[in-house]
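Okay, so here's the structure we're looking at.
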């Protein structure tokens, strides 16, 4: 499998690293698009506000709870698992973000880059193993 | 930067905006027709020929429906949430190259709105901002179902974002660039073929990476079998339970925008983007190839939706954290090692 991949990779002429000649103003369309994108919800909500009909009733404005009167407040305590997931996400997302620039210039880093990244991933794997053993990944 | 350039951008953005909106409207129609077809039902067929005017009727209905804001909701957050969901969903499409370049009105026009060096990072970044809309909606509604749906949804989206990002790194190692135009061009006919006929698409170099990407993308768009956030049997409608009228429509639309974005990304990163036979002679064909590939993917997504049962939440999290994340990291290490030995 690995050998096959190696052959396939060899056959592919590698394109030069990002040499996009687009200067900084390649970002300007983002601003234009953002302005148009902001207009969309404004227009949609505006039109619907002008045209919709309103019939106010007390029951209608209550939070939906299968037709009965809501019991207690909705903002109660929830499972601590969600916090753990958020924390783990932070750690690993930062890792992935580090991997992006590394992958782009991997050509030039060669062996140094590989060893460096193995050490980096190795440290994270230790943390990952610890989290797994501690049961942070279980959802029971 | 000239006025010409500015005008070109604005026109392109306008056209894309219009096409995206129309596509999303018709995807809701296509989805129901496909559902009908798979489940041996008819699907919408009353409004216009073959029910083709159904999206228009739906739109009108959404506009005229009463817009209810629950008494105990946080008004501002409740109002901002749909906008916070739909704006990022729209914006990620801007860097996708949907064709090579064509000559129109005696002017060469590249079929992508813009390109810059960190396009892929931009898509991932803007895509993650979409989570805020979901969280805000779940929190501000002051409804138990909404809160649970919002929590589940955000936990799911951030979990699968990891494997999504890590699986893309494999493509980056092969392509050596974050610029989507460069990535597509590297998969083109100019790079030659393997064995004389197999195009140099990244799918052949990164099959495992693609599977991870595909599963994560399905989870990111909250579609069956990963539609836990709105699991209607348990959570009514998940984070948008309390939403009605146009605000509901905006959540609905943003999900379809996400669907279009991830299928375009799959096409661009793994299936050669707009590449295909005869594009050198007829550049317009590139647009056709791109749309065709994207729609095949969308059809597969719909097919899966109406064929698969839903995961349980613990299974979902276990798949993301214990299978896809390690697999994507492993895929990355193997790819990096192979590349090192080949060069």
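Things worth noting here:
- For the condition more than 9 Å from chain B (Cβ to nearest Cβ), part of a loop (DSSP other than H, G, I, E, B) and over 16 Å from residue B:329 (Cα atoms), residue A:78 does not qualify.
- Among all positions in the stretch B:126-143, there is no residue which is in a helix (DSSP H, G or I), without any contact (Cβ under 8 Å) to a residue 24 or more places away in the chain, facing chain A (nearest Cβ under 10 Å) and in contact with a helix residue (DSSP H, G or I) (Cβ under 7 Å, 6 or more places away or on another chain).
- Residue A:88 meets the conditions (1) free of Cβ contacts under 8 Å to residues at least 40 places away in the same chain; (2) on the phi < 0 side of the Ramachandran plot; (3) at the interface with chain B (Cβ under 8 Å from one of its Cβ atoms) in every case but one. The failed one is (1).
- Elements of type helices (runs of 4 or more DSSP H) in the stretch B:219-333, at least 3 residues being within 11 Å of another protein chain (Cβ to nearest Cβ) and surrounded by fewer than 18 Cβ atoms within 10 Å (Cβ to Cβ): B:313-318
- Per this entry, residue A:107 is counted among residues that are farther than 28 Å from residue B:149 by Cα and in a helix (DSSP H, G or I).
- Residue count for the stretch B:222-267, restricted to those that are at pLDDT below 85 and over 18 Å from residue A:40 (Cβ atoms): 21.
- Test result for residue B:43, more than 14 Å from chain A (Cβ to nearest Cβ), free of Cβ contacts under 8 Å to residues at least 24 places away in the same chain and part of a helix (DSSP H, G or I): no
- Of residues in the stretch B:89-108 being farther than 18 Å from residue B:22 by Cα and under 25 Å from the mean Cα position of the chain (by Cα), the one surrounded by the fewest Cβ atoms within 10 Å (Cβ to Cβ): B:101
The values are calculated or read from the model by the stated rules, or taken from the named source; none is laboratory data. Treat the numbers as computed from the prediction; the structure is a model and nothing was measured. All Cβ positions, glycine included, derive from the backbone under ideal geometry; neighbour counts span all protein chains shown.
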